[in-house]
Amino acid sequence: MRMNLVLELLDVPGQLVSVLEPISGLGTNLVTVIHKRDAKNENGKIPVQITLEGEQENLNNVIKRFNDLGINIIEKDGVINKEFISTILIGHIVDKDVRDTTDRINALDGIYVIGFDIRLDGEDKSTALINLEVAYGKKQFAFDEVKKIADEKDLLMINEV
């Protein structure tokens, strides 16, 4: 059985080797590697496409090992591994530095602000709807980390249900 993965790795020496090392030890074969160094994102990470071959159980063990190592799998067999979530912040959002808030969220691994709509009400508290793109499986992590930022800035956070 074959499986195609696109991984997101830091563009630093040794990263690719650390990813390739567990593959043979878990009973799978590496068929192809496409290392796209010219496609670096804003976090200094690059996509690396790999094709693996092996028994389904062994392929699942490789994915588990990648997750254990904190390697972000952004695509598996052509399916993008991300979720879209929304949260609302209420408070003095503008006074608490909107740019800092979005920069801190974007600095979180696998979490990106894709929409930020703010409603101002004069000098009263404002409301912001934040739409996030989150790596698959990091939904609760995203909510927890944004909550820390909101608490620090004395903002009320309301999550989607």
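Just so you know, all these numbers are worked out from the coordinates, no wet-lab data involved. Note that the structure is predicted; figures quoted are calculated from it, not measured. Heads up, the Cβs are rebuilt from the backbone with ideal geometry, glycines too, and the neighbour counts pull from every protein chain shown.
Taking every C-alpha pair closer than 8 Å and separated by at least 6 residues, the mean separation divided by the residue count of segment 99-160 gives a relative contact order of 27 percent.
In straight-distance terms, cross-link reach from K147 covers every one of the lysines whose alpha-carbon lies under 29 Å from its own, apart from those fewer than eight places away in the same chain; here that gives K40, K45, K64, K82, K96, K125, K138, K139.
For segment 128-136, the Karplus equation 6.51 cos²θ - 1.76 cosθ + 1.60, evaluated at θ = phi - 60°, returns couplings of 10, 9, 10, 9, 10, 9, 10, 4, 3 Hz by residue, with Gly and Pro reported as x. Here each label is just a point 7 Å from Cα along the line to Cβ, and for V17 and D121 those points are 5.8 nm apart.
On full extension, the segment bounded by I114 and I90 gains 6.8 nm, given 0.36 nm per residue less the C-alpha separation.
Of the peptides 130-138, 11-19, 101-109, the order by per-residue mean of other Cβ atoms within 10 Å, starting with the highest, comes out as 130-138, 101-109, 11-19.
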